[in-house]
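Everything on this sheet refers to the single structure shown next.
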Amino acid sequence: MSDLRVIGLAGWSGAGKTTLLARLIPVLVARGVRVATLKHAHHAFDIDHPGKDSFVHRQAGASEVIVSSARRWAQIREVEEGAEATLPELLRRLTPGGLALVEGFKREAHPKLEVFRAANGRAPLHDHDPHIVGVASDVPFPQAGVPVVGLDDVEAIASLVLERAKAVETVLARLERS
C-alpha cells in the first residue's frame, strides 16, 4: 500500500489555480510534506525547446525520450491523437508517499478543492460536483455544504487540503468505477 494522498484543485480558467499552487506548495513543504503535482493541459505543450538535444531527438522521430542528470530526470512520450493518458494512469506513475496535488481534471471523480474567483463571472463548481470537498474563494458561500476558506489564507488552505486529501487507492477505485 502506498501512503500517497491525492486532492485536486479545480476551477475555471483564470481563477488562480496555478498561483495558489505556487503559494501552497512551500507551506506544505515547510510542514514536512513531500509534494508531487500533476497538471492537465488542454493543448499541445513542450518541456524541451529548439536547440536542446532532447528536442532534436523528438524532431528526428523518437517516440520516447528520457533526459537525465544528477539532479532530476524527465520522460517525454509522444502519444497518438486521442490517446491521452487517464488520471488513474498518471497517478500510478507517481512515487509513493506524500501528497499529490492535481491541477485540472475538473470533471474527474477525485476529491477536489474548488478555487473560485468572483471576478471570473462563472458559476461555482461546488453546486454541481459532489467530489468538491472544500472551496478557496474570494467571496463567502454560507450554503456551500463544504468548508470555505479565504483564497488568500494559504495556511488554512494547506490545513484543509491535508484534511480532505484521500489515499491514492481510494481515489483510483473511485475513478475506475466512474
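The residues in segment 40-61 that are surrounded by fewer than 15 Cβ atoms within 10 Å (Cβ to Cβ) and touching a helix residue (DSSP H, G or I) at 6+ places or on another chain (Cβ under 9 Å) can be counted, and the count is 4.
Looking only at segment 142-167, residues that are at pLDDT 95 or above and either open to solvent by 40 Å² or more (accessible area, probe 1.4 Å) or of a type outside the set (A, V, I, L, M) (or both) come to 11 in all. Of all residue pairs spaced 6 or more apart or on separate chains, those with beta-carbon atoms under 7 Å, a first member in segment 124-146 that is in contact (Cβ under 8 Å) with a residue 40 or more places away in the chain and a second member that is surrounded by fewer than 21 Cβ atoms within 10 Å (Cβ to Cβ) and not in a loop (DSSP other than H, G, I, E, B) are Val133/Arg164; Ala136/Val149. Just a yes or no: is a residue in segment 46-54 outside any loop (DSSP other than H, G, I, E, B) and over 22 Å from Leu160 (Cβ atoms)? Yes. Within segment 39-52, the residues that satisfy the criterion of being touching a residue at least 12 places away in the same chain (Cβ under 8 Å) and either more than 23 Å from Asn120 (Cβ to Cβ) or over 14 Å from the mean Cα position of the chain (by Cα) (or both) are Ile47, Asp48. Figure legend. Inter-residue proximity from segment 13-30: first residues in contact (Cβ under 8 Å) with a residue 60 or more places away in the chain and under 11 Å from Ala158 (Cβ atoms), second residues of a type in the set (D, E, K, R) and open to solvent by 90 Å² or more (accessible area, probe 1.4 Å), beta-carbon distance below 7 Å, spacing 6+ or different chains. Indicated pairs: Val27/Glu155. Inside segment 80-95, residues that are more than 20 Å from the chain's Cα centre (by Cα) and open to solvent by 90 Å² or more (accessible area, probe 1.4 Å) make up a count of 2. Assessment of segment 96-117 against the conditions (basic (Lys, Arg), modelled with pLDDT of 95 or more and open to solvent by 30 Å² or more (accessible area, probe 1.4 Å)) yields at least one matching residue.
The values are calculated or read from the model by the stated rules, or taken from the named source; none is laboratory data. For clarity, every value in this text was computed on a predicted model and none was experimentally measured. Virtual Cβ from ideal backbone geometry, glycine too; neighbours counted across all protein chains shown. Side chains included, ligands, DNA and RNA excluded: accessible areas come from the protein's heavy atoms. Shrake-Rupley method; radii C 1.70, N 1.55, O 1.52, S 1.80 Å.
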